[in-house]
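The values are calculated or read from the model by the stated rules, or taken from the named source; none is laboratory data. In this text the structure is predicted, and so the values were computed from the model without any measurement. For neighbour counting, all protein chains shown are included, and Cβ atoms are generated from backbone atoms with ideal geometry for every residue, glycine included. Keep in mind that these areas ignore ligands, DNA and RNA; they rest on the heavy atoms of the full protein, side chains included. Shrake-Rupley method; radii C 1.70, N 1.55, O 1.52, S 1.80 Å.
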Amino acid sequence: MTGLDKLDQLRRLRVLVVDDERPALDELTYLLDADDRVGEVIACQSATDGLRILREREVDCVFLDIQMPGLTGLELAEVLGRFKQPPPVVFVTAHEQHAVDAFDLHAVDYVLKPVRPERLAEAVRRVLGGTSPAPAATDAQIAVERGGVTRFVDRGDITHVEAQGDYARLHTAAGDNYLVRVPLTTLEEDWAEAGFHRIHRSLLVALAHVTEVRSEAGRTSVVVGSADGGTELPVSRRHTRALRDVLVRRARAGG
């Protein structure tokens with residue numbers, strides 16, 4: 001091996017993959033091994049073995065299944081969080097309902113099975129730090145009219161936006177709402193950089209105001225405002241994965 005080859009290997013990731021199902025483990029190992037950014041893949045079939053390996057060797061990241069016999073992937077991630085320098089964790093699972101727990105554990109990413117190569121490549125990119133956090137809503141003011149009076153509402157106070165034909169209804173944290181003659185699709189495009197995200201064909205939500213994500217019986221919703229007195233908004237199946245991804249990135253960035 002030449003000096004340049006050694007330098008290149010040092011720059012590449014050493015990855016630990018943990019999955020109790022051999023076919024899934026082999027597939028994930030194969031896909032990661034084929035990625036030029038990965039230098040070494042260590043594979044094992046239990047969280048207990050994974051923990052032993054992590055105590056003996058340093059790795060750059062862990063790709064971790066969630067539902068496993070004995071110590072689960074979530075429990076292993078909790079243990080890793082107590083390490084002096086915990087490795088980044090990417091959850092790889094067939095079960096979408098654990099996404100909220102993954103957010104709480106500051107996972108770098110949450111990849112659903114069956115794993116697509118391009119989706120796995122994106123997870124590796126996030127491990128390497130290529131994802132920028134979603135910007136918070138700015139204090140741009142929106143002109144609204146009510147009873148012949150024009151008021152100016154801070155965009156940062158808007159929790160969500162509801163489509164009403166060619167109009168959009170702006171809802172604020174104070175409980176007020178205003179109708180503006182702007183289609184929801186226009187606001188989705190114009191306000192994306194301010195942290196507004198489509199969660200339903202008729203709803204945008206301000207990510208900065210999301211206080212809770214709920215998953216029950218295959219349905220997902222978010223709460224804006226306080227968990228007790230807030231507003232629960234439905235998330236369509238079509239938009240659930242994208243919402244999960246953006247929330248993971250925000251959690252990783254600490255906000």
Looking at segment 128-154, which of the residues that are buried (at least 16 other Cβ atoms within 10 Å of the Cβ) and in contact with a Phe, Trp or Tyr (Cβ under 9 Å, 6 or more places away or on another chain) is modelled with the lowest pLDDT?
-> A137
Any residue in segment 170-184 that is touching a Phe, Trp or Tyr at 6+ places or on another chain (Cβ under 8 Å), modelled with pLDDT of 90 or more and surrounded by 21 or more Cβ atoms within 10 Å (Cβ to Cβ)?
-> yes
Boolean, F103 is within 19 Å of R125 (Cα to Cα), modelled with pLDDT under 95, open to solvent by 20 Å² or more (accessible area, probe 1.4 Å) and in contact with a helix residue (DSSP H, G or I) (Cβ under 6 Å, 6 or more places away or on another chain) | yes
Checked C61, C44 against criteria (modelled with pLDDT of 95 or more and more than 17 Å from V108 (Cβ to Cβ)); the one match is C44
Hey, does segment 76-87 have a residue that's at pLDDT 90 or above, open to solvent by 50 Å² or more (accessible area, probe 1.4 Å) and under 22 Å from E122 (Cα atoms)?
-> yes
Within the set of pairs 6 or more residues apart or between chains, which connect a residue that is more than 19 Å from L74 (Cα to Cα) inside segment 108-119 to a residue that is surrounded by 12 or more Cβ atoms within 10 Å (Cβ to Cβ) with Cβ atoms less than 6 Å apart?
-> P117/L31; R119/V111
Contacts under 7 angstrom Cβ, first residue in segment 168-196 being farther than 17 Å from L233 by Cβ, partner part of a loop (DSSP other than H, G, I, E, B), 6 or more apart | R181/D166; P183/D166; E193/P135; A194/P135; A194/A137; A194/T138
Filter segment 202-233 down to the residues that are open to solvent by 70 Å² or more (accessible area, probe 1.4 Å) and of a type outside the set (S, T, N, Q), then identify the one that is modelled with the lowest pLDDT.
-> D228
Flagged pairs (Cβ under 9 angstrom, 6 or more apart or on separate chains; first in segment 55-73, open to solvent by 50 Å² or more (accessible area, probe 1.4 Å); second assigned to a loop (DSSP other than H, G, I, E, B) and among the polar types (S, T, N, Q)) are E58/Q85; P69/S46; G70/S46
Is it the case that some residue within segment 155-166 is in contact with a strand residue (DSSP E or B) (Cβ under 6 Å, 6 or more places away or on another chain), over 30 Å from R125 (Cα atoms) and open to solvent by 50 Å² or more (accessible area, probe 1.4 Å)?
-> yes
